[in-house]
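The values are calculated or read from the model by the stated rules, or taken from the named source; none is laboratory data. Every value quoted in this text rests on a predicted model; they were computed, and no experiment measured them. Virtual Cβ from ideal backbone geometry, glycine too; neighbours counted across all protein chains shown. The protein model used for the area step is the full one, side chains on, heavy atoms only, and it has no ligands, DNA or RNA in it. Shrake-Rupley method; radii C 1.70, N 1.55, O 1.52, S 1.80 Å.
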Amino acid sequence: MSGKRPTLADVASRAGTSTAVVSYVINNGPRPVSEFLRAKVIRAIDELNYRPDVRARALRRSRRWRQIGLLVPDLTLPLFGQFVGRIEVEARARDHLTLIGNTGYDPERELEFATAFAEVGVDGLLVVGAANAAQTANLCQQERIPVVWMHNIRGEVEADIVGVDHVHAGQLLARHLLGVHDCRAIAFVGGYTEADVQHGDRETVQQRFEGVASVVGGDVPLIRTDLTPSGAYTAVSEFLRSAARVPRALVVGTYGQSAATIRAIADAGLRVPDDVRVVGFDGAAVDYGRLRLTTAQQPVDALACRALGRLLGDPPVDDELVPTLRVGETCGCE
């Protein structure tokens, strides 16, 4: 963007009215405005692409804090909890309070939260794992609220997503299994179609599956789940009972299914990693399970800082954020 930023006076001049009337329209009061005059003001706002000055708005507040909205799909999942924790800390350090909405991957709930945050007057919206990207983006455009997308989205928007290449993450795990363990009989745990998963991160899982398949080649067996722990346990248990040949390794599409997959293998009378190697994605940097999971991990802190910086208008950064391999014991490494 270049040139002088449109002001309240510019809007008033374009609409042929006073700055007070424009203020009444923007703030829905305190005095009523006729529908005819309101329409002229809104048209002028659209033509000038006017946005209220958040700095001036902040100065009128009794405290120094501004507010951002943060939408996440499931706070019970470790990855999203890590994102929220890091974003909240970084935002507070920059004098921003964070309003959090747990969308549950429900498109209607996501739009409901976004609408509520707009009514509250947030200065920006950060959406992690959007399930209703197109409508949320349209709302933010109408309300002139800056929005940044993080991790992955469902739907099309004309914006970059702050996230890692999940295809590459799948390739990291497959190459480790092939190159280090000479393991070629590999199956993938996780669904990615609408029939498999209604409320879940199916877009990310599909990209990870594509990464594994691109390295392994041929048809990688897909153990379809709804991405819940119970769904993973049931699907893996059934697969192990009916498979003519047990795969040498399982790649688990989400961290939330990893423990259930390992339990299903144990309940089938098999050992990890002696009989079946297990690898997955994300998870805490330190865990205290009997075996530490080998995972492709996202740089959570860097992603959170990049997304918040973009939302708050920091200079753009071009360096790529990439997943890294954290080697544990479940793959067979000591």
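Here the condition is being surrounded by fewer than 18 Cβ atoms within 10 Å (Cβ to Cβ) and more than 30 Å from GLY69 (Cα to Cα); of GLY280, GLY269, it holds for GLY269 alone. Looking across segment 1-24, just one residue is within 34 Å of the chain's Cα centre (by Cα) and open to solvent by less than 40 Å² (accessible area, probe 1.4 Å), and that is PRO6. Checked against the criterion of being touching an Asp or Glu at 6+ places or on another chain (Cβ under 7 Å) and assigned by the TED database to the domain that holds LEU250, segment 172-187 has no qualifying residue. The residues in segment 167-194 that are more than 24 Å from the chain's Cα centre (by Cα) and without any contact (Cβ under 8 Å) to a residue 24 or more places away in the chain can be counted, and the count is 2. For the structure I just gave you, tell me whether VAL164 is surrounded by 22 or more Cβ atoms within 10 Å (Cβ to Cβ), over 23 Å from GLY211 (Cβ atoms) and within 12 Å of the chain's Cα centre (by Cα). No, not satisfied.
ALA304 passes every criterion in (1) more than 25 Å from VAL180 (Cβ to Cβ); (2) open to solvent by 20 Å² or more (accessible area, probe 1.4 Å) apart from (2). Residues in segment 21-50 that are under 19 Å from GLY121 (Cβ atoms), part of a loop (DSSP other than H, G, I, E, B) and of a type in the set (Ser, Thr, Tyr): TYR50 alone. Of all residues assigned to segment 102-116, at least one qualifies as being in contact (Cβ under 8 Å) with a residue 40 or more places away in the chain and of a type in the set (A, V, I, L, M, F, W, C). Of all residues in segment 66-96, those being open to solvent by 40 Å² or more (accessible area, probe 1.4 Å) and outside any strand (DSSP E or B) number 14. What is the residue count in segment 98-124 for residues that are more than 15 Å from GLU88 (Cβ to Cβ), open to solvent by less than 10 Å² (accessible area, probe 1.4 Å) and outside any loop (DSSP other than H, G, I, E, B)? The number of residues fulfilling the criteria is 2.
Could we say that LEU227 is open to solvent by 20 Å² or more (accessible area, probe 1.4 Å) and touching a Phe, Trp or Tyr at 6+ places or on another chain (Cβ under 8 Å) here? Before you say what the answer is, go through the steps one by one.
Working: open to solvent by 20 Å² or more (accessible area, probe 1.4 Å): yes; touching a Phe, Trp or Tyr at 6+ places or on another chain (Cβ under 8 Å): no.
No, not satisfied.
Of the residues making up segment 193-214, just one is part of a helix (DSSP H, G or I), farther than 17 Å from VAL278 by Cβ and either among the β-branched types (Val, Ile, Thr) or not assigned by the TED database to the domain that holds HIS176 (or both), namely THR204.
Screening GLU194 with (1) open to solvent by less than 30 Å² (accessible area, probe 1.4 Å); (2) in contact with a helix residue (DSSP H, G or I) (Cβ under 8 Å, 6 or more places away or on another chain); (3) of a type in the set (D, E, K, R) gives one miss only, at (1). As a summary of the residue check, ALA187 satisfies the conditions (1) more than 25 Å from ALA296 (Cα to Cα); (2) open to solvent by less than 10 Å² (accessible area, probe 1.4 Å) except for the one numbered (1). Elements of the type helices (runs of 4 or more DSSP H) sitting completely within segment 219-320 and holding at least 1 residues that are within 23 Å of TRP149 (Cα to Cα), touching a residue at least 60 places away in the same chain (Cβ under 8 Å) and under 22 Å from the mean Cα position of the chain (by Cα): these cover 300-311. The condition of being open to solvent by 60 Å² or more (accessible area, probe 1.4 Å), under 17 Å from ARG175 (Cβ atoms) and in contact with a strand residue (DSSP E or B) (Cβ under 9 Å, 6 or more places away or on another chain) holds for only one of THR295, THR324, that being THR324.
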